[in-house]
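Nothing in this text is a laboratory measurement; each read-out follows from the coordinates by a stated rule. All values derive from a computational prediction rather than experimental measurement. Here the Cβ is made from the backbone with ideal geometry for all residues, glycine too, and neighbour counts use every protein chain on show.
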Ligand code: 7RM
C-alpha cells in the first residue's frame, strides 16, 4: 500500500548485461579496482579526492587543505592550491602528444577541419593575448555565443588561460535570453560568430548580439566576431572586431595566469522551473578534477579513441565532455556543428563512420528520434569502430536502451547511462564500463567519492528497496556548484534549505533496488499523485514508449475531484497523427497497454497526439507547459527556450 511520503516504483525491468570479457580486459578500472576505489573513498572521501587532485592535476602551487566546510553549504576544495585549467588541458600534453589530433571538426555543410594539440595550444594562446589586448582581465566575465565550431572551445580555453570567467549562452537562444544573461553576468566582452549552420539554415548570431546590445547590456565594451558563414553583417565601429584581425600578429604563447583552486572557471545559466535563470558557478580545480576523473573512469578514454559527445558547448555536457574533461585526458574529440537529420536521417551514423568514432555520447531524445527512422538507416554505415555508448539528459527508457544496444552498439558496446546535472559538474551516478553489470533504464551506482541517498518528505533516509523518494547527495564533492552568481541566498534555498542544509537536494525522485542500483523517476515537481499513489513520470512514459506504435511520450497530472490527479498522456506515434476512428482505436489500445504493463492505476485518462513534444533546446520535455495544456489553460509561460513552439497548438486540441 502507499502513503503520501513515498513514490511507488512500478517499473519491472529485470534484464542484466554483464561486461563482456573484452570490456573487462580493456578497461582501465576492473571490478576489483572499482571496489578498492569505493573502499578508499568510503574510509575518507576528502583524502580520496585529495589524492586524485594531487595525482591527476598539474598544480603551480600544491594545496594543503582538502575540504574547507567552515562556511557550509558553501563548500570549498583544495583552497590554498593554484593552477591553470588551460595548462592542464593543453600544455601538459605538448611533449608527448603535441602532434596528436585534439579536435576533429565537421561542419553542417560537410567541411572538415583538424587541430593537433600543438595547433590548439597556439590558437588558444593567440586568442588569449588578443583578449588581454582588448582589456579583458582576470575575473572579468566574457559571454560566448557561438555555433558548435572549434573556435567555441578555443574561446573557453582562452578565457581559462587568463582567468576570465566565461558564460556560454547557447547559440539557439534569442536576443532577449542573451541580454538577460549578459546583464546578470555583467560581461565586459562577447565572443560570437557572424552565424552558424543549423538545420539547413544559417543562424544569424551576430544579429542577435546587435539586438541584445540595442536593448541594454551596458557593461559590454567589445564584441569579437568569428567568421563562419561569411554572410553580410553589421560591424559597429569601435565596438565590434573580427576574431581573425584581433589575433593577427599575436604570439603563439600566452603566459597562463595561475589562479586559486576556487577561482570561478565559468558561469552557466540554467532556466529553472520558475523565476529568472540561475547562473551556476563552477570552480577551477574541483570542476576540472570531476570532469577529468569521469572521462577516465566512465568513458575509459584511451589514446586511440575518437570521442564524440553530441552536446552543444552551450550545455554543461558540452563543457565537461567536449571542452574540458576529454582535453585534460589528452583525448581526440569530435565536434559536429549540425543537426542529426540534416541533410539525411543517417547523418550521425555517417559522421561516426567517416571519422572512426569509438565512444559516442548522446541524449535519449536523440536516440528515440533516430530510432523512429528504423534500423535500416544505421545499417547502411560501418559502425564497427564504436566500442562504448553513453546516454545523458533524461532517463533512458528500456525500449530505447535496447535499440541503442542492439542496432547501434551491435551488442558489443557497453552503454553508460550517466546521471548528473549542470550543478554537479560531472557524472555522479554511472556505470564503469569494465566493471558494472548494466540494467536498461538504470544509471546504476554512484561514482567512488559520491554519496547518494533517498529520503522522504521529512528528510528521513529511506533504506528499503524499491521505495521512491527525493534523491540527495550527502557529502560535498569537488565538482559541485559553488553558488548561484550574485545570489548566495538562492543557492541555499534552492539546494539545501528543505532538509536543514544536511543534503544537497537534486530535485529528482529516484529509488534504489535490491542490488543498490539507482533508478531516476523524473523531476520531483513532476511526480503524479493518483488516488494517493505517487508515481514518477518516467515509468508511465516508459510503458507507453514500449508500445510498437509509440515513438515518444510525456505524461502529466491534471487535478481530478476524486483521484486527486488524472493522468494525461501526450504521445508521438511512429506514424502520422491519427484522426477519427483510427485515433479512438489507438487511444483504447494504449490505455489497455499501460494497464497491462503497469496496472490500472497508471492508465492515462486522456491521450493526445502531436508531431513532437515541447522540449527545451537541450532536449528535455517541458512537462510544465504540458500541465497547462492538460488543464485546458492558455500558455502564459515563457516559451522562448522551446525548440519548436508550433506543436503546442496540436497538443492543446482535445
Ligand atoms: C547533464 C544534464 C539535469 C537533470 C537531472 C535529471 C535529468 C540527466 C539523466 C537524467 C535520468 C540520466 N544536466 N537527467 N541525466 N535523468 N537519467 N542519465 O542533463 O542540468 O541539464 O539536467 O536532467 O532530471 O536532474 S542538466
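Below is a table of values for the structure above.
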quantity	calculated
Residue-span extension gain [residue 100 to residue 22] - 0.36 nm each, minus C-alpha spacing	25.5 nm
Using alpha-carbon coordinates, inclination of helix 205-215 to the longest axis of the chain, degrees	90
Cα shape, region 514-654, gyration tensor, a/c 1.5 rule	rounded
On Cα atoms only, tilt of 285-297 relative to the major axis of the chain in degrees	60
Spin-label pair residue 487/residue 583, simplified geometry with 7 Å Cα→Cβ offset, distance in nm	4.0
Protection-proxy order for peptides 56-67, 278-289, 251-262, 347-358, each taking the mean of Cβ atoms within 10 Å per residue, highest first	278-289, 347-358, 251-262, 56-67
Sequence ranges 406-415, 631-640, 493-502, ranked by mean other-Cβ count within 10 angstrom, highest first	406-415, 493-502, 631-640
Packing-based order for 553-559, 458-464, 376-382, 49-55, using average beta carbon neighbours within 10 Å, highest first	553-559, 49-55, 376-382, 458-464
Crossing angle, helix 45-56 versus the chain [Cα axis fit, 0-90 degrees, rounded to tens]	50
Modelled FRET efficiency - R0 35 Å, residue 375 with residue 201, Cβ distances, 0.05 increments	0.75
Relative contact order (percent, whole number), the chain, Cα cutoff 8 Å, 6+ residue spacing	14
Among beta bridges that DSSP assigns inside the chain, antiparallel share in %, nearest 5	60
